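The values are calculated or read from the model by the stated rules, or taken from the named source; none is laboratory data. Source: prediction; values computed, not measured. FYI the Cβ positions are ideal-geometry reconstructions off the backbone, even for glycines, and counts take in every protein chain you see.
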């Protein structure tokens, strides 16, 4: 079943130099495992292909039901050098929530995940 | 020892709500008011002000804030800790003292923390084997040395604790870490030792949660955002901390906003790097150990935090002149708004090219179509309007200035259905860029003096 992150998570993003961070947090604690399993480093790198110049790193925070992604080379140089509207990476958060993941039907049903429209 | 110490945040950055400090001292019981004024490039702005007038170089909003909270400080014993000193903490203290002097019998004792400012020592430091290499690129600072405007080490809680121990009821620092402003009062009140890693880490996490003001109490919160009440009257956060390092985040009764597990989670992940190692001068906090629990309405209990010893380095923030930039905008309107904006972009690039102007960077965004989400935004060809946003950057000021004259002509000699140019020519802005570096702790010696 296709599941859109916006329907199962919330997020906040910020900057450090030319790196944006996106913290993505499961809306229900029991949905954290779905994030951990399906929102992989490489899937996020694919998602942002063309938007960022550098690597993607992923960290897990099961205590907060959250994943933290570092998107390197995401801010056109970052800080005051950047010419971007979003020079401080404030809305990479919702860009990540556009992602659609594919969860096996049985698991999606068991966790009562909402299907992507 | 107090059982509970209350630290309230009244300012999340320089430019935050001017009335928040007063509302924090009047809205309920607090022991400390914490005011964070310094973002990465703030120091360079303050340095420029100090060059023009040696009595400036600090966050002037703080003087007004002190005026508004003076009765609470003098009559009720609320203490204030702020990094408002910028590049001139002594001048800031003088300005605050003159505010205090207007009240008879005033008992202001102002602790001033200095020693973070490395600008006058840079050549000496570089000569003695401190390259201050850029943490992102590895380049030594010598490559931009002649363009440096300010250089400050991020210092930790110790000098603030020392000032409070010396009886200060207002502590003014320069480039303290944002989190130390919250942790230091707790360390002072509870007598946490320099190796009480878990408690110190808890104080840092408390600081991280409240240092952005209302961003943890309902502001900028995506989770269920429409249901967050009364943001017009949003309550700024405060922590109620205990000696064991547990604390509750809350806000004053009768205020708007919300303090809940989701609002705190969003703030915890804000500007996060490796969550296992949140490095500060005092301690490394492990954000994967944080436990959150709702503890009644608008109350979140935070516990379980573990810390470990810090490194022998301090982070240094250097600001340097890095050329010029300008951004021009025009709005193109339906039908085919995006295609018109794209045509204008092509025309503009061709004209700049023909003028032979050199830019280090040109960036075009189509606001309303793809400016923030890129291709993820999907097909926006039917958008009602699209803003063409065209930015250039160069070390050559005249090239950037010449660019600013090329936007307006497009209104009459470019694609149709264009509007939104009333603002006139774009402004040329000098870029002051940020250079993060590390330095040995041993060469930075914070100093504390108390003025009464």
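Tabulated data for the structure shown
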read-out	value
Hits in the range B:26-55 (condition: within 18 Å of residue B:66 (Cα to Cα) and crowded, with 23+ Cβ neighbours inside 10 Å)	B:30, B:32, B:33, B:34, B:35, B:36, B:37, B:38
Looking only at the range A:11-38, and only at residues there that are farther than 19 Å from residue A:86 by Cα, touching a strand residue (DSSP E or B) at 6+ places or on another chain (Cβ under 9 Å) and not in a helix (DSSP H, G or I), the one that is nearest to the other protein chains (Cβ to nearest Cβ)	A:25
Selection status of residue B:65, closer than 18 Å to residue B:32 by Cβ and part of a helix (DSSP H, G or I)	yes
Cross-chain or 6+ apart pairs with Cβ under 6 Å, the range B:334-353 first and assigned by TED's automatic domain parsing to the domain that holds residue B:394, then surrounded by 13 or more Cβ atoms within 10 Å (Cβ to Cβ) and assigned to a helix (DSSP H, G or I)	B:344/B:410
Test: residue in the range B:387-408 that is without any contact (Cβ under 8 Å) to a residue 40 or more places away in the chain and in contact with a helix residue (DSSP H, G or I) (Cβ under 7 Å, 6 or more places away or on another chain)	no
Subset tally (residues that are free of Cβ contacts under 8 Å to residues at least 60 places away in the same chain, away from chain A (no Cβ under 14 Å) and touching a strand residue (DSSP E or B) at 6+ places or on another chain (Cβ under 8 Å)) for the range B:260-300	2
Tally of residues being more than 15 Å from residue B:273 (Cα to Cα) and facing another protein chain (nearest Cβ under 8 Å) across the range A:49-63	4
Set B:400, B:432: member being at pLDDT below 95 and within 14 Å of chain A (Cβ to nearest Cβ)	B:432
Qualifying position, being touching a helix residue (DSSP H, G or I) at 6+ places or on another chain (Cβ under 6 Å) and either away from chain A (no Cβ under 14 Å) or crowded, with 22+ Cβ neighbours inside 10 Å (or both), among B:314, B:355, B:338	B:314
Filter result (surrounded by fewer than 24 Cβ atoms within 10 Å (Cβ to Cβ) and within 18 Å of residue B:294 (Cα to Cα)) within the range B:234-254	B:240, B:242, B:246, B:248, B:250, B:252, B:253
Checklist (1) more than 8 Å from chain B (Cβ to nearest Cβ); (2) surrounded by 21 or more Cβ atoms within 10 Å (Cβ to Cβ); (3) more than 28 Å from residue B:431 (Cβ to Cβ) applied to residue A:66, failing item	(1)
Meets criteria (away from chain A (no Cβ under 12 Å), surrounded by 15 or more Cβ atoms within 10 Å (Cβ to Cβ) and either within 33 Å of the chain's Cα centre (by Cα) or over 22 Å from residue A:78 (Cβ atoms) (or both)) for residue B:410	yes
Condition met for residue B:369 (within 14 Å of chain A (Cβ to nearest Cβ) and assigned to a helix (DSSP H, G or I))	no
Of all residues making up the range B:164-216, the number that are assigned to a helix (DSSP H, G or I) and under 19 Å from the mean Cα position of the chain (by Cα)	17
Some residue of the range A:39-51 being at pLDDT below 95 and either in a strand (DSSP E or B) or over 30 Å from residue B:325 (Cα atoms) (or both)	no
Test: residue in the range B:225-232 that is buried (at least 20 other Cβ atoms within 10 Å of the Cβ) and within 25 Å of residue A:24 (Cα to Cα)	no
The one condition in (1) in contact with a helix residue (DSSP H, G or I) (Cβ under 8 Å, 6 or more places away or on another chain); (2) buried (at least 23 other Cβ atoms within 10 Å of the Cβ); (3) more than 11 Å from chain B (Cβ to nearest Cβ) that residue A:75 fails to fulfil	(1)
Scope the range A:94-103; condition crowded, with 20+ Cβ neighbours inside 10 Å and either under 24 Å from residue B:392 (Cβ atoms) or at the interface with chain B (Cβ under 7 Å from one of its Cβ atoms) (or both); matching residues	A:95
Tally of residues being part of a loop (DSSP other than H, G, I, E, B) and at negative phi across the range B:230-247	6
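To keep it simple, each residue is scored yes or no on (1) at negative phi; (2) exposed (fewer than 15 other Cβ atoms within 10 Å of the Cβ); (3) outside any helix (DSSP H, G or I).
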{"site": "B:84", "(1), (2), (3)": "yes, no, yes"}
{"site": "B:94", "(1), (2), (3)": "yes, no, no"}
{"site": "B:100", "(1), (2), (3)": "yes, no, no"}
{"site": "B:105", "(1), (2), (3)": "no, yes, yes"}
{"site": "B:108", "(1), (2), (3)": "yes, no, yes"}
{"site": "B:112", "(1), (2), (3)": "yes, no, yes"}
{"site": "B:129", "(1), (2), (3)": "no, yes, yes"}
{"site": "B:137", "(1), (2), (3)": "yes, yes, yes"}
{"site": "B:146", "(1), (2), (3)": "yes, yes, no"}
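Residues checked against (1) modelled with pLDDT of 95 or more; (2) surrounded by 16 or more Cβ atoms within 10 Å (Cβ to Cβ):
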residue	(1), (2)
B:345	yes, yes
B:350	yes, no
B:366	yes, yes
B:373	yes, yes
B:380	no, no
B:386	yes, yes
B:406	yes, yes
B:417	yes, no
B:437	yes, yes
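One line per residue, one yes/no per condition, for (1) within 14 Å of another protein chain (Cβ to nearest Cβ); (2) in contact with a strand residue (DSSP E or B) (Cβ under 6 Å, 6 or more places away or on another chain):
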{"residue": "B:190", "(1), (2)": "no, no"}
{"residue": "B:193", "(1), (2)": "no, no"}
{"residue": "B:196", "(1), (2)": "no, no"}
{"residue": "B:204", "(1), (2)": "no, yes"}
{"residue": "B:210", "(1), (2)": "no, yes"}
{"residue": "B:222", "(1), (2)": "yes, yes"}
